[in-house]
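Here's the structure we're looking at; comments come further down.
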Amino acid sequence: MQLREPTLPQTDNQKPVASLRDRVLERVRSDIVSGRSGPGTMYSVPSLANELGVSTTPVREALLELSNRGMIVPMRNRGFKVQASSLEDLENLFEMRELLERFAVVSVAKRRLKDPEELKKLADAVATAVKARDVGSYLETDRAFHEALVARAGNPRLTKMIMGLRDEMRLFGIDTAEGEERQRASVKEHYELINLAVKGETKAIASLITSHIMEWQPLFRKALMSRTARPPL
């Protein structure tokens, strides 16, 4: 599937590259996070550019950005390799993400969310992705929803930390039957989070965001253990 460059005025030369870079980044990040590109998978700039039908510049920029985030590592004269993830990494990420995201949404509720419409549209997009059983779209729309929600706390550093933790997670098993069931449950929870933030229900939103995040942990843990238990080829 190609990522086609959008038509933009010639005087705005940087936007097409930036847009394609972001789309390549989203594609690769989704593949890594979902487990479609497992530990050890190699990404070559020329090969990926050819596969996606784009120039090498946005691909190289996207892979370098993912390397800076610790999701892949550069391999001399070979490309970029997907980093492995351990059970300890997973548990630490869940612990930190739950702690920080709970603080963020409680802060939003204390202020009482005044502009829920954008969040509702993002929640609708998640629901559409789940209905279509499109895991890639689910990952991106769900990420967009959570980023927009925690950003309402008004602390850009906090938002960046939370999304960084989220991007480091490996959501193995998300496309299993259990994963699809959890996706469907998360749709309703998104709307509930919005409503609680509007009403200023701090205790209820703290409880919901904790379960919303932590209900995924057993699923990912099981899938990761299954992967690490496989004998080497």
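Taken together, the values in this text are just the output of simple stated rules run on the coordinates, not laboratory data. Values in this document were obtained by computation on a predicted structure and should not be read as measured data. All Cβ positions, glycine included, derive from the backbone under ideal geometry; neighbour counts span all protein chains shown.
Label-to-label distance for T41 and N92 is 2.3 nm, based on points extended 7 Å past Cα in the beta-carbon direction. When both the range 144-206 and the range 25-87 are represented by their alpha-carbon centers, they are found 25 Å apart.
Calculation over all alpha carbon pairs of the chain in 5 angstrom steps from 0 returns a P(r) of 1, 6, 13, 16, 18, 16, 14, 9, 5, 2, 0, 0 percent. With the charge dipole of the chain set up from +1 on Lys and Arg Cβ and -1 on Asp and Glu Cβ about the Cα centre, the Cα lying farthest toward the positive end among the listed residues L208, M96, I194 is that of M96.
With springs connecting C-alpha atoms under 10 Å apart, model the chain as a Gaussian network and identify which of K203, K110, K160 has the largest mean-square fluctuation. Per the Cα network of the chain with a 10 Å cutoff, K203 tops the list. Only the Cβ atoms of Lys and Arg (+1) and of Asp and Glu (-1) were treated as charged; on that basis the dipole of the range 87-229 about its Cα centre amounts to roughly 500 debye. The phi-based Karplus calculation (6.51 cos²θ - 1.76 cosθ + 1.60; θ = phi - 60°) puts the 3J(HN,Hα) values of the range 60-73 at 4, 5, 5, 5, 5, 5, 5, 5, 4, 7, x, 7, 9, 10 Hz, whole numbers, x for Gly and Pro. Shown in residue order for the range 163-180 are the 3J(HN,Hα) couplings computed by the Karplus curve 6.51 cos²θ - 1.76 cosθ + 1.60 at θ = phi - 60°: 5, x, 4, 4, 5, 7, 5, 10, 8, 5, x, 5, 9, 7, 4, 5, x, 5 Hz (x for Gly and Pro). For I72, the residues whose modelled amide H falls within less than 5 Å of its own, excluding neighbours fewer than 5 places apart on the same chain, are S67, Q83.
Around R102, under 12 Å between beta carbons, what's the net of Lys plus Arg minus Asp minus Glu among the other residues?
Working: positive: R97, K203; negative: E95, E98, E101.
After counting each charged neighbour, the total is -1.
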